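These notes concern the structure reproduced below.
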Amino acid sequence: MNLVAAFALSRQGRLSTAIVTPPAQPFRIVPSEPCPSLCPLLPIMPNSVHPLDSDFVRDQLVARTTDVNGKRTRPDGAWVLYWMQSTQRVHENWGLRAAIRAADKVGKPLIIHQGLDPSYPHASDRHHHHILHAARDTAAAADAAGLPYDFVLRARRDDDRRVVDRLAEQAYVVITDRFPTAGVDARTWRLAERIGCRVLAIDSACVVPSGALTKAEWAARTIRPKLAKLRDHALERVEERPPRTALSSDLVQRVHEARRSDVLPLRAWRTAEQADAAIAQFIARCEIDHTVAPVAQVVPGARAAQQRLESFIRERLAEYTTRRNEAADDHTSHLSPDLHFGHIAAADVLRAALASDAPQADIDAFTDQVLTWRELSYNWCLHTPRFDQLDALPDWIRRTMAAHADDVRPESYSLEQLDAADTDDALWNASQRQLVQAGVIHNYARMLWGKQIVRWAPTYELARAWMFHLNDRYALDGRDPNSVGGIMWCLGLWDRSWGNKPIWGGIRPMLTSRAGKKFDVGRYVRRWGSETLR
Ligand SMILES: Cc1cc2nc3c(=O)[nH]c(=O)nc-3n(C[C@H](O)[C@H](O)[C@H](O)COP(=O)(O)OP(=O)(O)OC[C@H]3O[C@@H](n4cnc5c(N)ncnc54)[C@H](O)[C@@H]3O)c2cc1C
């Protein structure tokens with residue numbers, strides 16, 4: 001069975017009927033024998049750049065590609081459509097690379113379409129602001145690279161919702177991002193059923209092509225060595241270039257007609273002030289939650305992400321091991337929102353860390369987070385049906401939950417109290433305030449935040465639902481495979497049994513009252529709230 005087929009078979013049941021191995025067509029990604037992405041012993045060429053039409057790129061793409069609908073390409077299609085969803089950048093973008101290769105192969109032009117809808121869960125000023133501001137960087141980078149890119153905003157729910165369909169109906173092939181959460185895969189699979197040509201979804205989120213691992217891994221310890229073997233080969237560099245065929249003025253006109261909707265005039269905003277004002281006006285018109293405000297201190301986009309990466313490598317990677325758990329200190333990278341939206345590539349983050357002169361222990365500790373733990377979350381979501389539900393958890397957890405379902409919860413809060421950071425636990429309230437104000441929670445505080453919800457919610461199911469609700473509503477990095485990984489970890493995933501305690505059963509207990517052993521709780525609480533410690 002080839003990787004594409006293996007991938008297809010591992011998808012969630014409700015979609016699997018639509019997926020078949022496609023018939024031979026002019027544009028196919030054909031694996032070489034053997035596939036280098038599965039052969040860790042192949043030589044590493046850190047300083048060479050693979051041409052876009054090289055076998056290296058083809059083989060990486062094989063392990064990153066899912067044929068979503070098994071339909072044929074459309075030989076008389078006007079263009080190749082790259083539908084940018086979760087990889088919101090033009091650099092180090094495997095979907096875009098596949099689209100350029102496809103366009104060159106059949107001598108057609110490429111168009112890049114990105115859209116934003118008001119209807120996704122938790123759509124708010126915060127997320128819209130982040131995406132719209134970042135789109136300016138994407139437009140500028142696309143212009144500089146000679147790539148035709150447009151952004152269409154659907155402000156109201158009853159505005160035209162079929163722009164991508166009309167672009168896709170004239171495409172030779174549609175290529176988009178593979179991303180199991182934030183509704184991305186679901187949207188892709190729906191489009192693939194509606195339209196009459198091939199749709200390919202390509203993973204750019206993972207450093208090691210996600211198709212190289214064909215089943216859900218048990219734990220960090222099982223995925224770590226596999227990723228480590230494949231890492232350096234996957235990090236080899238690839239030429240970035242535009243397609244060979246330009247979009248003619250006739251086709252530009254056809255693209256305009258197909259869009260019909262307002263294209264965001266990203267290029268017209270010359271200054272940040274102009275952009276701020278225009279984007280605020282657009283957001284005000286959108287039918288979204290206006291009560292969750294943008295996070296002023298996080299500058300969105302690829303350029304700011306690159307600066308965040310550079311300052312982290314320069315100033316904080318050294319001592320990452322010893323200082324990253326100090327929750328009040330900001331000693332981590334703060335890259336999770338950038339990684340979530342694809343404003344920066346995990347591969348670039350990893351390359352920068354590996355090339356730094358920080359102590360090896362710090363490089364290793366950081367690599368373990370950004371490669372092992374992050375890709376463990378992707379692996380779980382890609383290979384587990386109903387990955388965010390309790391019934392996806394291993395048997396031992398479901399048994400322990402059943403045995404402790406009726407345990408009395410001596411402390412209990414409602415979702416409204418949690419949302420308002422109105423509990424008797426000053427540390428927990430501080431972490432909830434950090435989430436609401438800063439759009440993230442420090443990792444160690446986030447573990448405690450989730451574990452307390454497990455302890456306080458009336459049922460495990462409510463604990464799960466409340467964690468997702470609060471995390472995804474406020475977190476700039478929310479609705480990510482890592483959101484699923486972190487929340488399911490709080491419920492026992494990838495862990496062993498820790499005995500048999502009231503409420504927890506065998507799930508690892510973690511209490512805010514013991515957090516003082518790990519970090520300066522007083523300083524964290526002072527930073528994120530005015531409460532005194534009780
Ligand atoms: C209950 C709970 C919910 C979480 N929700 C999210 C979420 O919505 N989005 C999200 O990106 N992460 C989530 N995490 C994981 C983790 O807390 C964040 O990735 C991390 O705090 C981001 O901060 P940073 O970028 O400064 O991390 P750094 O320490 O600088 O790490 C670099 C990168 O490695 C990855 N990483 C770090 N820690 C983890 C981890 N424990 N698991 C997986 N990947 C990790 C992230 O991509 C991160 O950006 C959650 C964890 C828990 C316990």
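Charged side chains reduced to their Cβ positions (Lys and Arg at +1, Asp and Glu at -1) give the range 164-262 a dipole of some 360 debye around its Cα centre. The alpha-carbon of K215 sits under 18 angstrom from the alpha-carbons of these lysines, leaving out residues fewer than 8 places away in its chain: K226, K229.
Rounded if a/c is under 1.5, else prolate if a/b is larger than b/c, else oblate: which is the range 390-528, with a ≥ b ≥ c the root eigenvalues of its Cα gyration tensor?
Numbers: a/c = 1.61, a/b = 1.41, b/c = 1.14.
Verdict is prolate for the range 390-528.
Quick one: putting +1 on the C-beta of Lys and Arg, -1 on the C-beta of Asp and Glu, what dipole do you get for the chain around its Cα centre, in Debye to the nearest 20?
Values: 70 positive and 65 negative charges, 164 e Å.
In debye, rounded to 20, the chain gives about 780.
Each of W528, Y120, F387 was placed along the dipole of the chain (beta-carbon charges, centred on the mean Cα), and the one lying farthest toward the positive end is F387. Size descriptors for the range 298-383: radius of gyration and Dmax over Cα atoms are 12.7, 37 Å. Each of I363, A328, L339 was placed along the dipole of the range 298-383 (beta-carbon charges, centred on the mean Cα), and the one lying farthest toward the positive end is L339. Taking square-rooted eigenvalues a ≥ b ≥ c of the alpha carbon gyration tensor, is the range 83-202 rounded, prolate or oblate, where a/c under 1.5 means rounded and, failing that, a/b exceeding b/c means prolate? It is oblate, given that a/c is not under 1.5 and a/b is not larger than b/c. I'd like the distance separating the alpha-carbon centroids of the range 244-307 and the range 140-211, in whole Å. Answer, in whole Å: 16.
Does the range 232-363 come out rounded, prolate or oblate by the C-alpha gyration tensor, with a ≥ b ≥ c the root eigenvalues, rounded set by a/c under 1.5 and, if not, prolate when a/b is larger than b/c and oblate if not? Write down the numbers at each step before the final one.
Values: a/c = 3.10, a/b = 1.49, b/c = 2.08.
The shape class here is oblate.
Taking Cα atoms, how many degrees apart are the long axis of helix 395-404 and the longest axis of the chain, rounded to 10 and kept between 0 and 90? Value to nearest ten degrees: 40. When the alpha carbon gyration tensor of the range 457-534 is reduced to an equivalent ellipsoid, its three semi-axes come out at 23, 20, 12 angstrom, largest first. With θ taken as phi - 60° and the Karplus curve 6.51 cos²θ - 1.76 cosθ + 1.60 applied, the whole-hertz 3J(HN,Hα) list for the range 177-193 is 8, 8, 7, x, 10, 6, x, 5, 4, 4, 4, 4, 5, 5, 4, 4, 6 Hz, x standing for glycine and proline.
When the alpha carbon coordinates of the range 181-261 are projected onto the principal axes, the ranges are 54, 32, 21 Å, largest first. Of all lysines in the structure, the ones whose alpha carbon falls short of 27 Å from that of K105, not counting any fewer than 8 places away in one chain, are K71. Using C-alpha pairs below 8 Å separated by at least 6 residues, the relative contact order for the chain is 17 percent.
Projecting the Cα atoms of N482, Q434, H469 onto the charge dipole of the range 429-505 (Cβ charges, centred on the Cα centre) puts Q434 farthest toward the positive pole.
For the chain, the longest principal axis of the C-alpha atoms and the axis of helix 272-285 are separated by about 80°. Dipole size of the range 298-383 about its Cα centre, with +1 on Lys/Arg Cβ and -1 on Asp/Glu Cβ: approximately 240 debye, rounded to the nearest 20.
Across the range 164-310, the mean sequence separation of Cα contacts (distance under 8 Å, 6 or more residues apart), normalised by length, yields a relative contact order of 18 percent. Under Stokes-Einstein, with the Kirkwood radius over Cα pairs as Rh, the value for the range 159-309 at 20 °C and 1.002 mPa s is 107 µm²/s.
Against the chain, whose longest principal axis comes from its Cα atoms, helix 346-355 is set at around 70 degrees. Rg and Dmax of the range 153-210, both derived from C-alpha coordinates alone, stand at 12.8, 40 Å.
Relative contact order of the range 390-528, please, whole-number percent, based on alpha carbon pairs below 8 angstrom and at least 6 residues apart. Rounded, it is 31 percent for the range 390-528.
A straight Cα-to-Cα reach below 29 Å connects K517 with the lysines K451, K501, residues fewer than 8 places away in its own chain not being considered. The protection proxy used here, the mean number of other Cβ atoms lying within 10 Å of each residue, ranks peptides 66-73, 314-321, 242-249, 513-520 as follows, highest first: 66-73, 314-321, 242-249, 513-520.
Distances longer than 39 Å among the Cα atoms of the chain: what percent of all pairs is that? Could the numbers behind the result be given before it?
Numbers: 35200 of 142311 pairs.
Counting pairs separated by more than 39 Å, the tail of P(r) holds 25 percent.
We did not get these values from a lab; they are worked out from the coordinates using the rules stated. None of the values given here were measured: they were computed from a predicted structure. Counting neighbours? That spans all protein chains shown, and the Cβs are built from the backbone with ideal geometry, glycine included.
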